[in-house]
Amino acid sequence: MTRRWMRQPRRMTFIPRTNSSKTTNWTRRREVEPVNIFLDDGGVMNDNARRGPEWERFVGRFFAPRLGGDPAAWGAVNPPVARREWQRMSAHFTANPGAPLSPFLRSSHAA
């Protein structure tokens, strides 16, 4: 049996597989390398002092065309509202550790 070897990506192996007619077929199996994801929430790979003002600007650019108003006003109001909602969510789940998220979200949308 002759085989042509082609250049394959790294970590490619060939495994013999026999079928019922006793002939050998070659199956390729690729070993996948692990994927590393680095999550950074400030202070290591990015700077919170720069990220805060950028976030406010992006919030303003997102909401102003959709809901009207001044982009700077949207950016200024976002941090206190986000802080208030985070405190509400934290209090809700501290009081009810096993509570589902959906009732909390419905109460947030009704407010």
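Overview of results
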read-out	value
Index of the failed condition, LEU67 passing every other in (1) surrounded by 10 or more Cβ atoms within 10 Å (Cβ to Cβ); (2) touching a helix residue (DSSP H, G or I) at 6+ places or on another chain (Cβ under 9 Å)	(1)
Hits in segment 63-77 (condition: out of contact with any Gly (no Cβ under 8 Å at 6 or more places or on another chain) and touching a residue at least 12 places away in the same chain (Cβ under 8 Å))	ALA76
Which listed residue, of ARG51, ARG66, ARG57, ARG61, is within 20 Å of ARG83 (Cβ to Cβ), basic (Lys, Arg) and at pLDDT 90 or above	ARG57
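The values are calculated or read from the model by the stated rules, or taken from the named source; none is laboratory data. All figures in this text were calculated on a predicted structure; none of them were measured in a lab. All Cβ positions, glycine included, derive from the backbone under ideal geometry; neighbour counts span all protein chains shown.
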